[in-house]
Every structure is written in C-alpha cells, then in structure tokens.
Amino acid sequence: MTADQATAPLPAVLEEIAQDFVALSARDRLTLLLDFSDGLPELPERLSGHAELLERVEECQTPLFLLVEVEDAVPPQSGTVHLYFQAPPEAPTTRGFAGILHEGLDGLRVNEVLAVPDDAPYRFGLAEAVSPLRLRGMVAMLSRIKRQVRLKSAH
Amino acid sequence: MAIARDDNATFTDYAHPGRLVSTEWLAGQLKEGFVGTPNLVLLESDEDVLLYDTGHIPGAVKIDWHADLNDQVTRDYVNGDRFAQVLGERGIGRGTTVVIYGDKSNWWAAYALWVFTLFGHEDVRLLNGGRAKWVAEGREMTRDVPTQTVVHYPVVQRDDSTIRAFKDDTLAHIGQPMVDVRSPGEFSGELLHMPDYPQEGAMRGGHIPGARSVPWARAANEDGTFKSRADLEAIYLTEQGLTPSDDVVAYCRIGERSSHTWFVLTHLLGFDKVRNYDGSWTEWGNAVRVPIEVGAP
C-alpha cells in the first residue's frame, strides 16, 4: 500500500458507514454489523441457484460468493457497478462485511470503486470488535471486487 | 452447588458421562428456570463472533475464543486475573456448573472447555450436538441477551503442565503417540492450510514425524453429537492402536480441532494423559529446523 492510499478518502456512502461505526462502542459496532448482516440483499432470481456464475472468496472462513456486474458505458470507466453476494446465515460476520461493501459500493461508477483504498476495511473500527484476524476476509472481498471490476470494465 | 448430571442412557458408556448434557436435559433445566443462576450458566462459544447475536439458546451468554480467552498481545491464553474477570462478568463462580455449546460440531465449545480446564474449573460440560442440533430440533432461540449479575471468581493460576503441550514438549515427544487431527491434505503436506482457512497458513506443509492421522470429524456423527464409545474405541484403540494409559499429544492448526479430540480421548475414552499442543501447525510449520514428515498416512 502506498502512502497515498493510506490517506485516500472513501466514497461518500462508505465514509458515512465508517463514521457510524467509529462513533459506537465496540459492543454496539457488533450490533450494527449484525444489522448489515440481516440487511444483505438476497441474490436476484436470475442468479440464485447459479453458483458457477459467482466467484468464491477463499479467504473467508465460511463460504462467500460474489459477483460483480458492470453496465456498459462510454467511456467504460463511467459504467455503473453492481455487486451480488451469497453467504449462509450461519456466517453473520462474513454477511455483515458483505453488507457494508454492498451498501457502500453498489451503484458507484467503475473509477470510483477502483479508487477505494485497499485499507478501507480497517476504517470501521471493526478490528477491536471482531479481531484483526477476522477482518482479513473483508480485505479479500474488497480486492476481489476491484479485480472483477477491472476485468469487466476493460474493453 | 453443582447441578446433578444428565443421566441420559446414551452417555453412560463414556468414561466421564457427566461431561455431556443432552438438548433434552438442557431444555428441562431451562423450563425449570435453572439456567442463568449461580448453579448453572450456559455459554455459547462460536467461531463466528456474531453468530450468538443472530439468535442463541435462551439464557445463554456469549464467550469469544479470541477476545475473551486469548491474550490480545502475546500468543497465549489469558492470565488468572483476566480469566476471573471474564467468568465473573458472566455470573460464573468457582462452583458453578458451566454448560458450553457452539457452532462447527462444538469445536470452539471444546476449545473453551479445554481452556476452563487449564484453570481447573471443575464442572464444565458440553451440550452434545452443539448449536446445530438444538436448531435442527426446532427448539427456542432468542436474540434477548440476559443481564448477568457479576459474581466473584477467584484468581487462579493457569496450569500449563498437565493438558497443554508446548513446542519443546512436542519435540521431545516424537516417537510417542501423537495424533494429527487435521484434514488428510494438510497431513500429507499438499495443503498449507485447512480448506476454507487460507489465512492461517504455514511456511511448510506436512506433519510431525510419527503422528497418526485421525481427522477430528471421525469422532462426530452427522448431527454433531459424539459417536458411541464402541465406535470411538474402534477408531482410536483398534485401528490406531492407542491405549488409555498412553501419553498422547494431539494437535491441529491452532489447537481448536484438537481440543475436540482431547475431549474425546480424555472424557469419553478415559485416557489418563492427553495434552493439546495449541501452537499446532501454525507454530510447527513456521518454526526453523523442526523435523517434518510429508506424505499420506
């Protein structure tokens, strides 16, 4: 990570979420993470039952699958990004991480998603609440999202 | 005052049947209002730090293997002061009967039970089948977090000499019975980490020379309950040639799956001397110049 990335701003919605988390006690951060877990949208019908279309995030301790779709646009960098996640209810922490990224990144443009700093997962005060070890799953999710966005916007 | 043991007929063959309770027994204790009293405290210990918060058995209190039982700086368990605080806050006194259950066939519950044993907490039991069995039976779950009255728990010195093995102990133990409870791919060295857990890898793959491969899950039924004593003896005694008087070291990746096997050997089969090497492969596979063997069992 470069020094620039360490201080790079988050997209507005993600920044709001980060501020909400940081303002809370460690215990209340878990409650908010649970809200994100509960609120993670289901896969749309066209994708459910099509696990082969989704990428498995190996770094998560429980199975998490994700799919990125990028709307065609000119220039490609202005295309809108959509995120889809699937994780079982027995994995609420993983679902919570996915919920944060969904709310914070879904609907942004390609260039905005690619500009998200790689250390973003560490800005929610979650290391204290869930342990740094567990946060690595969220780091992996973000890097895989950015990789898919990069691939799918390269025309 | 300790609570009478569950005299469920399926437990009577085990060496220490009082170490298990059934979901029926727990449901009965709940109905009588005994759970969450100075006599009986119910703890949930999961891998996922949020799982308890999505819903738990009524009256259960959360304990987190990482945040509550591990020291946050040194790679070690908490000391006596912290342990007394963690238990006291959960309404547990030195004489309280503690029942622990959790996800993943009770891995983390067995791990917590093993840590409680390091501190000599006498009456600590597992809910046979864990969280999954309770849920599968359609029993009540709640998101209500019980309010605990803080009680006094004495500061007890942790005893690392009896059921815990360190790297040097394990090195000296080579040639004596050792059980590697990881998956076959981790044992052979093909995998540097457990499937699904790549972040807890090691520099080298393989196993400690002479260790026998007995994946932990062989001790569990489909529903997460423990296999019968006869079935367990067929695996550990007949097939692996172990005897209950053996001095055994069990290990896995960070000591959680081997806590499950430690429980099986100690409390279900009555082995006298089983130690859990909690440094396990994340220490051994990263250590310089320790002997390693590769290849399938």
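The values are calculated or read from the model by the stated rules, or taken from the named source; none is laboratory data. Note that this is a predicted model, so its numbers are computed, not measured. Quick reminder, even Gly has a Cβ in these numbers, built from the backbone with ideal geometry, and neighbours come from all protein chains shown.
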Can you tell me which residue within the stretch B:210-242, out of those that are charged (D, E, K, R) and farther than 26 Å from B:Lys133 by Cβ, is surrounded by the most Cβ atoms within 10 Å (Cβ to Cβ)?
-> B:Arg212
Six or more apart or on different chains, Cβ under 6 Å: which pairs go from a residue in the stretch B:100-117 that's within 14 Å of chain A (Cβ to nearest Cβ) to one that's hydroxyl-bearing (Ser, Thr, Tyr)? Could you list them?
-> B:Gly102/B:Ser45; B:Trp108/B:Ser45
Is it the case that A:Val68 is surrounded by 18 or more Cβ atoms within 10 Å (Cβ to Cβ) and in contact with a helix residue (DSSP H, G or I) (Cβ under 6 Å, 6 or more places away or on another chain)?
-> yes
Identify, please: which residue in the stretch B:228-274 is of a type in the set (Lys, Arg) and over 17 Å from B:Leu20 (Cα atoms) and is, among those, farthest from the chain's Cα centre (by Cα)?
-> B:Lys273
Within the stretch A:43-99, which residues are hydroxyl-bearing (Ser, Thr, Tyr), within 14 Å of chain B (Cβ to nearest Cβ) and farther than 22 Å from A:Leu14 by Cβ?
-> A:Thr62
For the stretch B:157-188, the count of residues that are acidic (Asp, Glu) and buried (at least 16 other Cβ atoms within 10 Å of the Cβ) equals 2
Could you please give the count of residues in the stretch A:128-155 that are under 21 Å from B:Asp46 (Cβ atoms) and over 16 Å from the mean Cα position of the chain (by Cα)?
-> 6
Which of (1) surrounded by fewer than 24 Cβ atoms within 10 Å (Cβ to Cβ); (2) at pLDDT below 95 does B:Ser105 not meet, given it meets every other one?
-> (1)
Would you check which residues across the stretch A:97-131 are among the small types (Gly, Ala, Ser) and out of contact with any Gly (no Cβ under 9 Å at 6 or more places or on another chain) and list them?
-> A:Ala98, A:Gly104, A:Gly107, A:Ala115, A:Gly125, A:Ala127, A:Ala129, A:Ser131
Report, by residue number, each residue of the stretch B:68-92 that is farther than 22 Å from B:Phe166 by Cα, of a type outside the set (D, E, K, R) and either facing chain A (nearest Cβ under 9 Å) or touching a strand residue (DSSP E or B) at 6+ places or on another chain (Cβ under 9 Å) (or both).
-> B:Leu87, B:Gly91, B:Ile92
Would a scan of the stretch B:77-96 turn up a residue that is out of contact with any Lys or Arg (no Cβ under 7 Å at 6 or more places or on another chain) and assigned to a strand (DSSP E or B)?
-> no
For the stretch A:132-149, how many residues meet the condition of being without any contact (Cβ under 8 Å) to a residue 60 or more places away in the chain and either surrounded by 18 or more Cβ atoms within 10 Å (Cβ to Cβ) or more than 14 Å from every other protein chain (Cβ to nearest Cβ) (or both)?
-> 5
Kindly list the number of the only condition in (1) more than 10 Å from chain B (Cβ to nearest Cβ); (2) touching a strand residue (DSSP E or B) at 6+ places or on another chain (Cβ under 7 Å) that fails for A:Glu103.
-> (2)
